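The values are calculated or read from the model by the stated rules, or taken from the named source; none is laboratory data. Just so you know, these numbers come straight off a predicted model, no measurement behind them. When we count neighbours, we look across all protein chains shown, and the Cβ atoms used for this are built from the backbone with ideal geometry, even at glycine.
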Amino acid sequence: MPVNWKAAQQKASRTARWAVTMTKVRIRRITVKTRWQLVTFCGKAGGESAGIVDLLAVRKYHGKPRRDLGRGDTFQIVLIQVKGGRAGMPTANDWTRLRAVAKWHRATGILLAVWIKGREVRFFEPKGNRVKGRLKFREVADLHTIFH
């Protein structure tokens, strides 16, 4: 039986958009003093954009500033890669790239968000080093530890 690739691509695109939307909903449910601003990166047609980061969570940092900056001048940034449906887990190379981007922008955290239709979004962090070329992930049980 031949595969209808156009229908498969449309379904994957729809799932990816829903995964991003559901990730945003889950993050917004967290009650914190300062609300996080969520930025998505979409391509021309509204689908996924090129690059490793799918979602950016950012807020002003109101903690004690460095001596040359004022209170509220800097940002807290969390980079999020979103996977939906049957999308494969990120490769070790993907996480190397994501860590490089986080270092470049001085992000306070990096996460993997996984959404499967009918379930709540789950968040993961990389756990230690690779094992046989594969990454190990640790589920983030309490999102308050990331979005405090």
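The table below gives the values:
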| quantity | calculated |
| --- | --- |
| Any hit, the stretch 62-69, residues being under 21 Å from G85 (Cα atoms), surrounded by fewer than 13 Cβ atoms within 10 Å (Cβ to Cβ) and aliphatic (A, V, I, L, M) | no |
| Residue match in the stretch 1-11 (condition: of a type outside the set (S, T, Y), surrounded by 13 or more Cβ atoms within 10 Å (Cβ to Cβ) and out of contact with any Pro (no Cβ under 7 Å at 6 or more places or on another chain)) | no |
| Residue among V82, V58 that alone is assigned to a strand (DSSP E or B), at pLDDT 90 or above, of a type outside the set (S, T, Y) and more than 20 Å from F124 (Cβ to Cβ) | V58 |
| Condition met for L98 (in contact with a Pro (Cβ under 9 Å, 6 or more places away or on another chain) and buried (at least 19 other Cβ atoms within 10 Å of the Cβ)) | yes |
| Residue selected from the stretch 110-136 under the condition surrounded by fewer than 18 Cβ atoms within 10 Å (Cβ to Cβ) and not in a loop (DSSP other than H, G, I, E, B), by the criterion modelled with the highest pLDDT | R122 |
| Residue under evaluation C42, criteria (1) within 18 Å of A19 (Cβ to Cβ); (2) touching a residue at least 12 places away in the same chain (Cβ under 8 Å), criterion not met | (2) |
| Single match in T23, T34, T96 (criterion: touching a strand residue (DSSP E or B) at 6+ places or on another chain (Cβ under 6 Å) and at pLDDT 85 or above) | T23 |
